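Here the structure comes first, spelled out in C-alpha coordinates, and everything after it is commentary.
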Amino acid sequence: MAWIYIVEDDQNIREIEGFALKNSGYQVMEFGCARDFYGQIKDHLPDCVLLDIMLPDEDGLSVVRNLRKDPKTENIPIIMVTAKTTELDKVKGLDLGADDYMTKPFGVMELISRVKALLRRSRRVEEERSLSAGNIFLDQEKHMVCVQNTPCELTYKEYELLKLLLQNRGIVLTRDTIMERVWGIHFEGESRTLDVHIKTLRQKLKSAASMIKTVRNVGYTIE
(Lines give C-alpha, C1' and ligand atoms only; values in the text may rest on other atoms or scores of the structure.)
Protein backbone atom coordinates (compact mmCIF):
# COMPACT_ATOMS: atom_id res chain seq x y z
CA MET A 1 0.00 0.00 0.00
CA ALA A 2 1.10 3.54 -0.73
CA TRP A 3 3.05 5.67 1.74
CA ILE A 4 1.61 9.13 2.41
CA TYR A 5 3.73 11.77 4.17
CA ILE A 6 1.84 14.55 5.97
CA VAL A 7 3.81 17.76 6.53
CA GLU A 8 1.60 19.91 8.77
CA ASP A 9 2.47 21.96 11.86
CA ASP A 10 -1.05 21.89 13.34
CA GLN A 11 -1.11 18.68 15.36
CA ASN A 12 -4.91 18.37 15.40
CA ILE A 13 -5.20 18.67 11.62
CA ARG A 14 -2.22 16.34 11.14
CA GLU A 15 -3.81 13.69 13.33
CA ILE A 16 -7.18 13.95 11.57
CA GLU A 17 -5.55 13.58 8.16
CA GLY A 18 -3.42 10.71 9.37
CA PHE A 19 -6.36 8.88 10.95
CA ALA A 20 -8.47 9.21 7.79
CA LEU A 21 -5.69 7.97 5.52
CA LYS A 22 -4.82 5.02 7.77
CA ASN A 23 -8.49 4.00 7.85
CA SER A 24 -8.43 4.01 4.05
CA GLY A 25 -5.56 1.55 4.02
CA TYR A 26 -2.61 3.88 3.48
CA GLN A 27 0.63 3.88 5.44
CA VAL A 28 1.27 7.28 6.96
CA MET A 29 4.13 9.27 8.45
CA GLU A 30 3.51 12.68 10.04
CA PHE A 31 5.89 15.64 10.29
CA GLY A 32 5.47 18.95 12.06
CA CYS A 33 8.22 20.75 10.17
CA ALA A 34 10.17 20.65 6.92
CA ARG A 35 13.43 19.63 8.60
CA ASP A 36 12.03 16.33 9.89
CA PHE A 37 10.39 15.66 6.53
CA TYR A 38 13.69 16.20 4.66
CA GLY A 39 15.43 13.83 7.05
CA GLN A 40 12.96 11.04 6.34
CA ILE A 41 12.90 11.28 2.54
CA LYS A 42 16.65 10.61 2.53
CA ASP A 43 15.83 7.10 3.75
CA HIS A 44 12.47 6.40 2.15
CA LEU A 45 10.54 8.19 -0.58
CA PRO A 46 6.76 8.54 -0.19
CA ASP A 47 4.16 7.85 -2.86
CA CYS A 48 2.41 11.15 -2.11
CA VAL A 49 2.95 14.22 0.10
CA LEU A 50 0.30 16.36 1.79
CA LEU A 51 2.15 19.62 2.30
CA ASP A 52 1.00 22.61 4.34
CA ILE A 53 2.09 25.96 2.93
CA MET A 54 2.62 27.57 6.37
CA LEU A 55 5.36 25.65 8.20
CA PRO A 56 7.37 26.94 11.20
CA ASP A 57 10.82 26.49 9.64
CA GLU A 58 10.29 26.80 5.88
CA ASP A 59 7.60 28.00 3.50
CA GLY A 60 5.75 25.12 1.83
CA LEU A 61 6.35 26.68 -1.58
CA SER A 62 10.07 26.49 -0.92
CA VAL A 63 9.71 22.81 -0.03
CA VAL A 64 7.96 22.16 -3.36
CA ARG A 65 10.73 24.01 -5.19
CA ASN A 66 13.42 21.92 -3.47
CA LEU A 67 11.65 18.63 -4.17
CA ARG A 68 11.27 19.43 -7.85
CA LYS A 69 14.95 20.38 -8.20
CA ASP A 70 16.21 17.04 -6.89
CA PRO A 71 16.13 14.15 -9.43
CA LYS A 72 15.37 11.72 -6.61
CA THR A 73 12.22 13.55 -5.53
CA GLU A 74 11.15 15.48 -8.64
CA ASN A 75 8.31 13.09 -9.49
CA ILE A 76 6.75 12.69 -6.03
CA PRO A 77 3.05 13.67 -6.21
CA ILE A 78 2.33 16.70 -4.00
CA ILE A 79 -0.97 18.07 -2.71
CA MET A 80 -0.68 21.54 -1.20
CA VAL A 81 -2.87 22.00 1.88
CA THR A 82 -3.30 25.54 3.15
CA ALA A 83 -5.57 28.10 4.77
CA LYS A 84 -4.71 30.62 2.06
CA THR A 85 -7.53 31.01 -0.41
CA THR A 86 -6.42 33.54 -3.02
CA GLU A 87 -6.06 32.43 -6.61
CA LEU A 88 -2.50 33.77 -6.64
CA ASP A 89 -1.47 31.39 -3.83
CA LYS A 90 -2.87 28.43 -5.74
CA VAL A 91 -1.18 29.49 -8.97
CA LYS A 92 2.18 29.85 -7.21
CA GLY A 93 1.97 26.36 -5.78
CA LEU A 94 0.91 24.75 -9.05
CA ASP A 95 3.49 26.67 -11.07
CA LEU A 96 6.26 25.46 -8.75
CA GLY A 97 5.23 21.85 -9.34
CA ALA A 98 2.44 20.94 -6.90
CA ASP A 99 0.00 18.46 -8.46
CA ASP A 100 -3.13 19.51 -6.56
CA TYR A 101 -4.34 22.09 -4.06
CA MET A 102 -6.74 21.87 -1.10
CA THR A 103 -7.95 24.80 0.98
CA LYS A 104 -8.74 24.42 4.68
CA PRO A 105 -11.24 23.54 5.96
CA PHE A 106 -11.96 20.47 3.83
CA GLY A 107 -13.84 17.23 4.32
CA VAL A 108 -12.18 13.90 5.00
CA MET A 109 -13.93 12.29 2.02
CA GLU A 110 -12.58 14.99 -0.29
CA LEU A 111 -9.07 14.40 1.05
CA ILE A 112 -9.23 10.66 0.41
CA SER A 113 -10.71 11.14 -3.07
CA ARG A 114 -7.99 13.57 -4.10
CA VAL A 115 -5.22 11.32 -2.80
CA LYS A 116 -6.67 8.32 -4.65
CA ALA A 117 -7.04 10.30 -7.88
CA LEU A 118 -3.48 11.66 -7.71
CA LEU A 119 -2.02 8.22 -7.04
CA ARG A 120 -3.91 6.80 -10.03
CA ARG A 121 -2.55 9.52 -12.30
CA SER A 122 1.01 9.11 -11.05
CA ARG A 123 0.87 5.33 -11.55
CA ARG A 124 -0.29 5.76 -15.13
CA VAL A 125 2.61 8.12 -15.80
CA GLU A 126 5.04 5.66 -14.20
CA GLU A 127 3.70 2.81 -16.33
CA GLU A 128 4.17 4.92 -19.46
CA ARG A 129 7.84 5.46 -18.58
CA SER A 130 8.57 1.75 -18.67
CA LEU A 131 7.45 -1.32 -20.59
CA SER A 132 8.02 -4.94 -19.69
CA ALA A 133 7.27 -8.52 -20.64
CA GLY A 134 8.71 -11.49 -18.80
CA ASN A 135 12.39 -10.77 -18.17
CA ILE A 136 12.48 -7.87 -20.65
CA PHE A 137 12.38 -4.35 -19.19
CA LEU A 138 12.44 -1.19 -21.32
CA ASP A 139 12.96 2.24 -19.70
CA GLN A 140 11.73 4.93 -22.08
CA GLU A 141 13.23 7.82 -20.10
CA LYS A 142 16.72 6.33 -20.07
CA HIS A 143 16.30 4.69 -23.49
CA MET A 144 17.59 1.48 -21.91
CA VAL A 145 16.70 -2.21 -22.21
CA CYS A 146 17.52 -4.94 -19.68
CA VAL A 147 17.05 -8.69 -19.81
CA GLN A 148 17.12 -10.38 -16.40
CA ASN A 149 18.50 -7.10 -14.97
CA THR A 150 21.41 -7.16 -17.43
CA PRO A 151 21.70 -4.21 -19.88
CA CYS A 152 21.06 -5.12 -23.50
CA GLU A 153 22.72 -2.94 -26.14
CA LEU A 154 20.38 -2.30 -29.08
CA THR A 155 20.60 -0.14 -32.16
CA TYR A 156 18.05 2.65 -32.51
CA LYS A 157 15.82 0.64 -34.86
CA GLU A 158 16.07 -2.50 -32.73
CA TYR A 159 15.02 -0.44 -29.72
CA GLU A 160 12.07 1.10 -31.59
CA LEU A 161 11.03 -2.32 -32.87
CA LEU A 162 11.09 -3.84 -29.38
CA LYS A 163 9.23 -0.84 -27.93
CA LEU A 164 6.48 -1.18 -30.51
CA LEU A 165 6.08 -4.89 -29.76
CA LEU A 166 5.98 -4.24 -25.99
CA GLN A 167 3.44 -1.45 -26.39
CA ASN A 168 1.23 -3.94 -28.22
CA ARG A 169 1.98 -6.97 -26.07
CA GLY A 170 -0.21 -9.93 -27.02
CA ILE A 171 -1.32 -8.29 -30.26
CA VAL A 172 -0.12 -9.57 -33.64
CA LEU A 173 1.30 -6.65 -35.64
CA THR A 174 1.36 -7.04 -39.40
CA ARG A 175 4.58 -6.53 -41.31
CA ASP A 176 3.03 -3.48 -43.00
CA THR A 177 2.19 -1.92 -39.63
CA ILE A 178 5.67 -2.52 -38.19
CA MET A 179 7.46 -1.17 -41.24
CA GLU A 180 5.32 1.95 -41.27
CA ARG A 181 5.58 2.60 -37.51
CA VAL A 182 9.32 1.89 -37.13
CA TRP A 183 10.75 2.77 -40.53
CA GLY A 184 8.10 5.20 -41.74
CA ILE A 185 7.72 3.40 -45.05
CA HIS A 186 5.23 1.01 -46.60
CA PHE A 187 6.38 -2.60 -46.64
CA GLU A 188 7.44 -4.10 -49.93
CA GLY A 189 7.12 -7.87 -50.17
CA GLU A 190 10.74 -8.53 -51.16
CA SER A 191 12.27 -6.44 -48.37
CA ARG A 192 14.14 -8.42 -45.68
CA THR A 193 14.81 -5.43 -43.44
CA LEU A 194 12.25 -6.40 -40.82
CA ASP A 195 13.27 -10.05 -40.74
CA VAL A 196 16.94 -9.14 -40.30
CA HIS A 197 16.15 -6.78 -37.41
CA ILE A 198 13.95 -9.38 -35.72
CA LYS A 199 16.79 -11.90 -36.02
CA THR A 200 19.41 -9.59 -34.48
CA LEU A 201 16.96 -8.45 -31.80
CA ARG A 202 16.32 -12.05 -30.78
CA GLN A 203 20.06 -12.72 -30.64
CA LYS A 204 20.62 -9.78 -28.32
CA LEU A 205 17.67 -10.66 -26.08
CA LYS A 206 19.27 -14.10 -25.54
CA SER A 207 17.18 -16.02 -22.97
CA ALA A 208 14.14 -13.84 -23.73
CA ALA A 209 14.39 -14.29 -27.51
CA SER A 210 11.56 -16.82 -27.61
CA MET A 211 9.10 -14.19 -26.39
CA ILE A 212 9.04 -12.70 -29.90
CA LYS A 213 6.73 -14.92 -31.91
CA THR A 214 6.51 -15.15 -35.69
CA VAL A 215 2.96 -15.38 -37.02
CA ARG A 216 3.34 -16.94 -40.45
CA ASN A 217 2.21 -14.77 -43.36
CA VAL A 218 1.06 -12.05 -40.97
CA GLY A 219 3.77 -10.51 -38.79
CA TYR A 220 5.13 -10.61 -35.23
CA THR A 221 4.01 -10.39 -31.63
CA ILE A 222 5.54 -10.51 -28.17
CA GLU A 223 4.03 -12.66 -25.43
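Considered as a group, the residues in the range 18-61 that are among the charged types (D, E, K, R) and within 22 Å of the chain's Cα centre (by Cα) include one that is most open to solvent (accessible area, probe 1.4 Å), and that residue is Lys42.
A quick yes/no check of all residues on (1) among the β-branched types (Val, Ile, Thr); (2) assigned to a helix (DSSP H, G or I); (3) free of Cβ contacts under 8 Å to residues at least 12 places away in the same chain; (4) in contact with a strand residue (DSSP E or B) (Cβ under 9 Å, 6 or more places away or on another chain):
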site	(1), (2), (3), (4)
Pro71	no, no, yes, no
Ile79	yes, no, no, yes
Asp89	no, yes, no, yes
Ser132	no, no, no, yes
Glu153	no, no, no, yes
Lys163	no, yes, no, yes
Leu166	no, yes, no, yes
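Only one of (1) over 15 Å from Val218 (Cα atoms); (2) at pLDDT below 90 is not met by Cys152, so which one is it? All conditions pass for Cys152, except number (2).
Once the range 76-92 is narrowed to residues that are modelled with pLDDT under 85 and not aliphatic (A, V, I, L, M), the residue that is most open to solvent (accessible area, probe 1.4 Å) is Glu87. Applying the criterion of being under 18 Å from Leu162 (Cα atoms) and at pLDDT below 85 to the residues of the range 177-186, the residue that is most open to solvent (accessible area, probe 1.4 Å) is Arg181. Quick one: in the range 139-176, which of the residues that are under 15 Å from Lys206 (Cα atoms) and among the hydrophobic types (A, V, I, L, M, F, W, C) is surrounded by the most Cβ atoms within 10 Å (Cβ to Cβ)? This residue is Leu162. The one condition from (1) touching a strand residue (DSSP E or B) at 6+ places or on another chain (Cβ under 7 Å); (2) without any contact (Cβ under 8 Å) to a residue 40 or more places away in the chain that Leu118 does not meet is (2).
The values are calculated or read from the model by the stated rules, or taken from the named source; none is laboratory data. The structure presented is a predicted model; accordingly, all values stated were derived computationally and were not measured. Virtual Cβ from ideal backbone geometry, glycine too; neighbours counted across all protein chains shown. The area values use the complete protein model at the heavy-atom level, side chains included, leaving out ligands, DNA and RNA. Shrake-Rupley method; radii C 1.70, N 1.55, O 1.52, S 1.80 Å.
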